Amino acid sequence: MSKSPFVPAMALSMALAAAPLFAAAPKTYQVTGPVLAITDDTITVQKGQEHWEIARDANVKVTGELKVGAKVTIEYRMSAVSIEVKPAAASTTAKKASPAPKKTTP
């Protein structure tokens, strides 16, 4: 009886399909303060002397009445919009030629 390559291939494909389910979610952060401004795609809150503008969309869960002046706690994640890789800098640790030792006469 020959072994079918189907079973190992199917097991491998199932393992690969399940891998994203176990990927760690990005870290979440919080900011708390009064709401300064609200638009369809942003909310601005004051934290100390700083104004934090955070993007939002229709999928953001809001509990309570969101209005300017309300004190809110926003949970958010940081995500990259673009990444530009810079060329490596030239090495600055190049060895300088050491001077030849001086000859001393007795």
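To keep it simple, each residue is scored yes or no on (1) surrounded by 10 or more Cβ atoms within 10 Å (Cβ to Cβ); (2) at pLDDT 95 or above; (3) assigned to a loop (DSSP other than H, G, I, E, B); (4) of a type in the set (S, T, N, Q).
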position	(1), (2), (3), (4)
S13	yes, no, no, yes
Q30	no, yes, no, yes
N59	no, no, yes, yes
G64	no, yes, yes, no
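Yes or no, residue by residue, for (1) at pLDDT below 95; (2) of a type in the set (S, T, N, Q); (3) on the phi < 0 side of the Ramachandran plot:
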{"site": "K67", "(1), (2), (3)": "no, no, yes"}
{"site": "A70", "(1), (2), (3)": "no, no, yes"}
{"site": "A80", "(1), (2), (3)": "yes, no, yes"}
{"site": "V85", "(1), (2), (3)": "no, no, yes"}
{"site": "T92", "(1), (2), (3)": "yes, yes, yes"}
{"site": "P99", "(1), (2), (3)": "yes, no, yes"}
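The values are calculated or read from the model by the stated rules, or taken from the named source; none is laboratory data. The structure presented is a predicted model; accordingly, all values stated were derived computationally and were not measured. As a convention, Cβ positions derive from the backbone with ideal geometry for all residues, glycine included, and neighbour counts pool all protein chains shown.
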